[in-house]
1. Here are some residues: V317, V275. Which one is on the phi < 0 side of the Ramachandran plot, surrounded by fewer than 22 Cβ atoms within 10 Å (Cβ to Cβ), among the hydrophobic types (A, V, I, L, M, F, W, C) and assigned to a loop (DSSP other than H, G, I, E, B)?
2. In segment 103-127, which residue that is in a loop (DSSP other than H, G, I, E, B) and in contact with a Gly (Cβ under 9 Å, 6 or more places away or on another chain) is nearest to A365 (Cα to Cα)?
3. State the number of residues belonging to segment 257-272 that are more than 24 Å from the chain's Cα centre (by Cα) and in a loop (DSSP other than H, G, I, E, B).
4. Just the residues that are within 30 Å of P321 (Cα to Cα) and hydrophobic (A, V, I, L, M, F, W, C), please, taken from segment 278-310.
5. Evaluate the following for A273: is it over 22 Å from D180 (Cβ atoms) and of a type in the set (G, A, S)?
6. Just a yes or no: is a residue in segment 56-71 buried (at least 20 other Cβ atoms within 10 Å of the Cβ), among the β-branched types (V, I, T) and over 19 Å from the mean Cα position of the chain (by Cα)?
7. Which one is most open to solvent (accessible area, probe 1.4 Å) among residues in segment 10-43 that are over 20 Å from L157 (Cα atoms) and in contact (Cβ under 8 Å) with a residue 60 or more places away in the chain?
8. If you go through segment 257-272, how many residues are in contact (Cβ under 8 Å) with a residue 24 or more places away in the chain, open to solvent by less than 60 Å² (accessible area, probe 1.4 Å) and out of contact with any Leu (no Cβ under 8 Å at 6 or more places or on another chain)?
Amino acid sequence: MPDALDVPPPDAGPYDALLLLSFGGPEGPDDVVPFLENVTRGRGIPKERLKEVGQHYFLFGGVSPINEQNRALLDALRKDFAEHGLDLPVYWGNRNWQPYLTDTLRELTADGRRRVLVLATSAYASYSGCRQYRENLADALATLEAEGLTPPKVDKLRHYFNHPGFVEPMTEGVLRALADLPEEVRDGAHIAFTTHSIPLTAADTSGPVEDHGDGGAYVRQHLEVAGLIADAVRERTGADHPWQLVYQSRSGAPHIPWLEPDICDHLEERHAAGVPAVVMAPIGFVSDHMEVLYDLDTEATAKAAELGLPVRRSATVGADPRFAAAVRELIEERAATERGERITPCALGSLGASHDLCPVGCCPARAPRPAAAGADSPYA
């Protein structure tokens, strides 16, 4: 067996930086309305309405946990890279709050970075979870070009929903949540796997064109992850817990159909059916940000208390070291592909590894806009 010192360090070439790209969130009461104005830009929503929408932020002092959680993930990534000898600087930019994506790309350009890999804090295919990030990248790159700068070439890491480093921490979270339930209801507990509801039209057109249809890649990928976790829980506990994919955090006009059932409606239905307990597992979210804290820990938990239904909420992946290691593996995988090397992508389940390059027609927008890091990118 070769000595550990003889093993070459990971190679990220041709890439010279990683960009963590996230949604962003307010970090104080005065930030809430400006943040929501950024999120809803172009929709003409009055400021008074945004103040109403922002009440769940004000319940938490106007602070979303997402930025602090991204700082923790940055630390975990840098620690993992250093421990494994991966010489790749990590930057951070947000779509809707400081540090803004455009400012971070400007910093990357000033630092001389020419090939950048992007890690989006969204693991699944959808317009809002993938293409919109790519559109924001294109907008930022266009801004830099308008300023006379030569921006770096950006590529986006593939969807990682079925990578072991994403699935395993969530599996352990469900096991811990089940173990925390009273013993007399534990074996009969149901698992509600939750994710962000999106309009049916967005779900049906998610993923490549060949995946379009009822629920599209968005629903299919979530069902795959839920099944993987449920199977692992059964193998480790010997108990077969019934489960269902449900939705949360719906917004938008009530006449537009969105994915259902909502988590609170699901809790009512499960209680009426005599289910003794429910574990809520937010598999659609990378970290315990505001939509998890408010929609699950506040609203859904209050609904369960009203029903007298015992519930527990399992943890998201967050800054788990296994997720940081998965990101490193995804970087090595993509870099090797760019160098023309043959590799075997790491993925669990039947769907296999997602595409590296989003194809034309993947998760289309209602109004076509340029999007970077895809087959239709204007920034080759």
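1. Just a single option satisfies the conditions, and that option is V275.
2. This residue is S126.
3. 0
4. V278, V279, M280, A281, I283, F285, V286, M290, V292, L293, L296, A300
5. Spelling it out, A273 is indeed over 22 Å from D180 (Cβ atoms) and of a type in the set (G, A, S).
6. no
7. Filtering segment 10-43 for residues that are over 20 Å from L157 (Cα atoms) and in contact (Cβ under 8 Å) with a residue 60 or more places away in the chain, the one most open to solvent (accessible area, probe 1.4 Å) comes out as E27.
8. Residues meeting the conditions: 3.
The values are calculated or read from the model by the stated rules, or taken from the named source; none is laboratory data. All values reported here derive from a predicted model rather than from experimental measurement. Methodologically, a virtual Cβ is constructed for each residue, glycine included, from the backbone with ideal geometry; neighbour enumeration extends over all protein chains shown. Note: accessible area is taken over every heavy atom of the protein model, side chains too, but ligands, DNA and RNA are not part of it. Shrake-Rupley method; radii C 1.70, N 1.55, O 1.52, S 1.80 Å.
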